[in-house]
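As structure tokens, the structure follows; a few thoughts come after it.
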Amino acid sequence: MQFLADLPLRLNGGRWPTSHVQGVAVDLDRGHVYYSFTTLLVKTALDGTLLGTVGGLSGHLGDITFDPVARRLYGSLEYKAAAAFYVAIFDVDAIDREGLLAVDASVVRTVHLAEVVADYTWSSAVAAQPSLASGSADSRRSSSAEGAYRGLSTLADTSPLRHRYGCSGIDGIAFGPRFGSTDGPLLLTVAYGVFSDLARDDNDHQVLLQYATDDWWEHLARPLNELDPHRSGPSHPDGKYFVRTGNTRFGVQNLEFDAHAERWFLGVYAGEKPDFPNFTLFAVDAAALPTLGPLAGLGGELGLTLALADDGLWDENTGVRGWYQHADVGIAAVGEGLFYLSESSVREGLQTSDVTLHRWSGDARMPFAPVVATKSAPLTTA
């Protein structure tokens, strides 16, 4: 285990001809850091030494999270054109050199998420057909879906709506306990991407799916084949939850569970709806019990909702709480209130990630304080 007092204050993921960094994960036991650059996974040591890369991805590799028990890395991976949404599972011990390819099943396997596909491909026109009105795979979660979409107050036309809940795919991903508890078996939580459609009011929730993944690698995971996407995976999640934050640009970009604070953090790109504060960081306390209730903008459709944590800035008009804090391209909790936060930039035409150690302060205006080192106190906040 890496002693927290020895953690470097700054990390860098190298420079790559890719899109921007989308997520970071840290393995303290081995002293390894992982960076998702959307089409490339990079593995380094804490001192920045490059240890390996996995490429050959044409889809979008999003947020990543590390499972220290199974020693595997999990990332969201989407292929919108094929309506294929996967959790990519990396055997990190096999990432021992540069130039590995994601089609190598000894390095990467993928699990398909049917629930995401059902919401992404949903259409109000199809849902209105009698044959799909009850019992079908695409309508089994909500008998009121058709009425919910026809009743949207902000829509000026009657054209069919697509993408239930504004689902644009997946991005944020993290391991943590079942919502409503602070311990117990760790579940994989996957957050929807959400389209920023200002003319809709059914896309003001973050949508979180939880899965037990104990048997995924051996029984459900399949090699990645981008030319012929497989559909092997769980038929439904172990839980589906909604957090009302107001609309954001493409949903939860980074999701992280902090065992120290027993809290989930949701990093997003700021939304643009003028009626909302459009915070960029939200939090949900792990112990907060899900409540079955109507979903905003959905005409009475019921869902398991999670309340936002009772701190941060408060918007009186909407009741939404959060912070104006960037945590959208990488956040990794490393214990005792410490976090690595990533910033993306371009240097000489190449993408990089600069990661800085912060301590959670809880301050409404600056919740993360950069850590500085002194001789008497190696890890103190500035």
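The values are calculated or read from the model by the stated rules, or taken from the named source; none is laboratory data. As the structure is a prediction and not an experimental result, all values here were calculated from the model. FYI the Cβ positions are ideal-geometry reconstructions off the backbone, even for glycines, and counts take in every protein chain you see.
Before moving on, here are some points about what is shown:
- Hey, residue 160 surrounded by fewer than 18 Cβ atoms within 10 Å (Cβ to Cβ) and over 30 Å from residue 103 (Cβ atoms) or not: yes
- Some residue of the range 293-315 being part of a strand (DSSP E or B), closer than 29 Å to residue 238 by Cβ, of a type in the set (S, T, N, Q) and without any contact (Cβ under 8 Å) to a residue 60 or more places away in the chain: no
- Residues satisfying the stated conditions in the range 1-32, i.e. touching a residue at least 40 places away in the same chain (Cβ under 8 Å) and in contact with a Pro (Cβ under 7 Å, 6 or more places away or on another chain): 5, 27
- Annotation note: of 325, 351, the sole residue that is surrounded by 15 or more Cβ atoms within 10 Å (Cβ to Cβ) and assigned to a loop (DSSP other than H, G, I, E, B) is 325.
Quick grid of which residues meet (1) closer than 14 Å to residue 309 by Cβ; (2) modelled with pLDDT of 95 or more; (3) crowded, with 16+ Cβ neighbours inside 10 Å; (4) in contact with a Leu (Cβ under 6 Å, 6 or more places away or on another chain):
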{"site": "258", "(1), (2), (3), (4)": "yes, yes, yes, no"}
{"site": "269", "(1), (2), (3), (4)": "no, yes, yes, no"}
{"site": "274", "(1), (2), (3), (4)": "no, yes, no, no"}
{"site": "277", "(1), (2), (3), (4)": "no, yes, yes, no"}
{"site": "281", "(1), (2), (3), (4)": "yes, yes, yes, no"}
{"site": "284", "(1), (2), (3), (4)": "yes, yes, yes, yes"}
{"site": "289", "(1), (2), (3), (4)": "yes, yes, no, no"}
{"site": "296", "(1), (2), (3), (4)": "no, no, yes, no"}
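- In the set (1) in a strand (DSSP E or B); (2) surrounded by fewer than 16 Cβ atoms within 10 Å (Cβ to Cβ), residue 341 fails one condition alone, (2).
For (1) in contact with a strand residue (DSSP E or B) (Cβ under 6 Å, 6 or more places away or on another chain); (2) of a type in the set (Phe, Trp, Tyr), each residue gets a yes or a no:
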{"site": "195", "(1), (2)": "yes, yes"}
{"site": "198", "(1), (2)": "no, no"}
{"site": "206", "(1), (2)": "yes, no"}
{"site": "215", "(1), (2)": "no, no"}
{"site": "236", "(1), (2)": "no, no"}
{"site": "240", "(1), (2)": "yes, no"}
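This table checks each residue for (1) in contact with a helix residue (DSSP H, G or I) (Cβ under 6 Å, 6 or more places away or on another chain); (2) under 25 Å from residue 259 (Cα atoms); (3) surrounded by fewer than 21 Cβ atoms within 10 Å (Cβ to Cβ); (4) among the hydrophobic types (A, V, I, L, M, F, W, C).
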{"site": "14", "(1), (2), (3), (4)": "no, no, yes, no"}
{"site": "17", "(1), (2), (3), (4)": "no, no, yes, no"}
{"site": "45", "(1), (2), (3), (4)": "no, yes, yes, yes"}
{"site": "48", "(1), (2), (3), (4)": "no, no, yes, no"}
{"site": "58", "(1), (2), (3), (4)": "no, no, yes, no"}
{"site": "67", "(1), (2), (3), (4)": "no, yes, yes, no"}
{"site": "73", "(1), (2), (3), (4)": "yes, yes, no, yes"}
{"site": "80", "(1), (2), (3), (4)": "no, no, yes, no"}
{"site": "95", "(1), (2), (3), (4)": "no, no, no, yes"}
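- Inspection of the range 86-101 finds no residue satisfying the criterion of being in contact with a Pro (Cβ under 6 Å, 6 or more places away or on another chain) and farther than 20 Å from residue 25 by Cβ.
- Selection within the range 358-370 - within 23 Å of residue 35 (Cβ to Cβ) and surrounded by fewer than 23 Cβ atoms within 10 Å (Cβ to Cβ): 359, 360, 370
Yes/no matrix, rows are residues, columns are (1) touching a residue at least 60 places away in the same chain (Cβ under 8 Å); (2) farther than 21 Å from residue 167 by Cα; (3) touching a Gly at 6+ places or on another chain (Cβ under 6 Å):
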| site | (1), (2), (3) |
| --- | --- |
| 34 | no, yes, no |
| 48 | no, yes, no |
| 72 | yes, yes, no |
| 84 | yes, no, no |
| 93 | no, yes, no |
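- Residue ID - nearest to residue 126 (Cα to Cα), chosen from residues in the range 164-215 that are free of Cβ contacts under 8 Å to residues at least 40 places away in the same chain and not in a strand (DSSP E or B): 212
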